[in-house]
Amino acid sequence: MEKDNKTNEFPNQLWELVSTCPVKNQQENVSIAFLLQIVNDIKKLQRTHEALQQAYAQLERQVEERTQELIKTNEALQAEIAQRQQVEAELMLYKQAVESSSDAIGIADAAGNHIYQNSAFSKLYECETVQDFMKFGGFSAVFTNSAVAKEIWQVTISGKSWIGEVEQKSASGRIMQTFLRSYSLKDSTGQNVGFVGAITDITEGKLAEVQLQEKEQFLRTVYEGSEHLIFVVDVLEDGDFRFADWNLATERVVGLSGAQVKDKTPEDIVGVVNGAAVRQRYKTCLKAGKAITYEECLNFQGEEIWSLTTINPLKDCKGRIYRLVGTTVDITERIRAETQLKQQAEDLAKALNELQQTQMQLVQSEKMSGLGQLVAGVAHEINNPVNFIYGNLAHANDYIQDLVGFIRYQQLHPHPISEIEELAAEIDLEFLIEDLPKLLNSMKIGAQRIREIVLSLRNFSRMDEADMKEVNIHEGIDSTLMILEHRIKATPNRPAIQIIKEYSNLPLVECYAGQLNQVFMNILANAIDALEEAMGNAEWGIESGEMGRLVLSGAEVWGDEAEGQGVGGKVENLPLFLVPMPNAQCPMPNALCLIPTIRIHTELTREKQVVIRIADNGLGIPKQVKQRLFDPFFSTKPIGKGTGMGLSISYQIISQKHGGSLECISQPGSGAEFVVTIPLSQK
């Protein structure tokens, strides 16, 4: 551009130089004119050059503008190509979707000519191609009702859609139930350019629906015709229960129709109290998730109705229980019959029990009456001579002492008479003097023993105390033990039974003393029987030939040191008594129990109840035996050894006569304990 500017400035500078230069001659004028001509030519050339430059610049601008237009055109073309490709891809997807659809889809042009069908369409109408469908007759041939076909066509060409169920047929003549959706296709201006139809074969569904309706009708007939009560309860989302319906049988019993109970709660139907119980049963069914059956008694129309109800839960597709269906069988008559039979059975059982008790009491009363009279008679007969003997023993002792003193006096005399000396030698006077006091002492002990026995017999029988009186319980127990002494002491086959007395400081107890002693007799006799049975049983842990420790009155005797202690009466039997008993519990705390033992414990509770515990360390009582222990005439003893009335009588004496209790605590291998509890006072 600088060069062009300089070129333009040169002619102007030359022109100024020539025009200002003075002309000297003609020749110079010619030269100047020539130069001026050159200058003009140069100016023309300059103007031409400027015009060319302007034309070139304009051309460049036009080229640039055209280039931009070409670029924009190319971009628009590329966008149109991409859009066409996208449309083609979308059309391909639509075509694939249409082809893979399970519904039959057909398309017609604006004139109604069939131009497209998918595979489902071909299968439904049994026409493989568009031409096959046209040969079949096209749109108008598939409908069994021509009026319906005309209606569908008119609605569709009007630009609206027709949707509904319609009966159609295939090319082979197969009749089918279909669900048709017919739509018009429009262009961008809103003009109809064709029609499309989507057809769903609902033949099987309609058949299932018909079957379902038939089944529903059958179930409805059973539901309404059943003599049993059937009801339906809806389970709401919040867990509440509302009746939905019930059958005619329920209406007759309750007095309300199914429509009247709809949306009612259990409390609305059967009241607050019974409704709460019914609601709880419904909750139980929900929690269990399965059918439940129960008996219930409700009052309808003033009548008490017993029923056997079964509730079945119904679940939706999500597994939620949305409804309960209940079936109820009226069992009122059965319950009444059962109640009547039960009452009759109870009456019979009561009568039988009273008969058994009366019989048992008569037998036992007769036995005890005879025993009491016998004991009283024996006591009376023994008591008189015993009193005579016992009363004269003191005098006899004084006389003998005088006699002995006289004899000793004669012996000490310096000149004894020879006859006295001979007599003394003959009778062995020295031995008599030594043995006579021992003899008299033995007589005294025997007489005292007889007195104790007589007193025990009188205390036991209590013939003079038939009424309830305050007595010393311990005296009654001791009297009973005295009578049983012959069974407690040692025998050649077993050691003596150890009696441990744990007597508390009891006040006088108001009771029927004779009857209470009878209870002690029965319990103690059974304990002795149990110990004798245990010692004859190998399970008790007794084996001959073994040595161990023997506990006697708190002292310990080991091995051969036990000889001479007098246990069992024979030394050679001692090893039988010294074997530990791992399967039996020892009633003595903190001691190894090695001999048969009976523990008697008494105490007075804070509730003024007197408790007498009599325990043994035998084999214990099996559960099945313990359950019947106090039943009349029940016995595990051999025939002739037990009547089965002792414990039953004892139970009645304690529970009925004294208002107390008698219980047995025992397990096999753990001994047995009988606990007698009676009030301190009967007031």
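Put simply, the amide H of I331, placed in the peptide plane, has neighbours under 5 Å in W306, S307, L308, leaving out anything fewer than 5 places away on its chain. Amide H contacts for F300 (H built 1.01 Å from N in the peptide plane; partners 5 or more residues away or on another chain; cut-off under 5 Å): I305. Counted residue by residue at 0.36 nm each, then reduced by the alpha carbon distance between them, the extension gain from L341 to H49 reaches 90.8 nm.
Across the options S226, L256, A288, the greatest Cα extent toward the positive end of the charge dipole of region 226-330 (unit charges at beta carbon of Lys, Arg, Asp, Glu) belongs to A288. For region 226-330, a/c is not less than 1.5, where a ≥ b ≥ c are the root eigenvalues of the C-alpha gyration tensor, and a/b tops b/c. That puts it in the prolate class. Bridgeable lysines around K160 (alpha carbons under 30 Å apart, same-chain partners fewer than 8 residues away excluded): K95, K123, K135, K150, K169, K186, K206.
Count Lys and Arg as plus one, Asp and Glu as minus one, and take only other residues whose Cβ is under 11 Å from that of N617; the net charge is then -1.
Per-residue packing, averaged as other Cβ atoms within 10 Å, sorts the ranges 506-515, 316-325 into the order 506-515, 316-325, beginning with the highest.
For region 101-207, a/c is not less than 1.5, where a ≥ b ≥ c are the root eigenvalues of the C-alpha gyration tensor, and a/b tops b/c. That puts it in the prolate class. Panel order for V610, V454, by other beta carbons found within 10 Å of each beta carbon, from fewest to most: V454, V610.
Every number in this text was worked out from the coordinates using simple rules, so none of it is lab data. Values in this document were obtained by computation on a predicted structure and should not be read as measured data. Here Cβ is always computed from backbone atoms with ideal geometry, including for glycine, and neighbour counts include all displayed protein chains.
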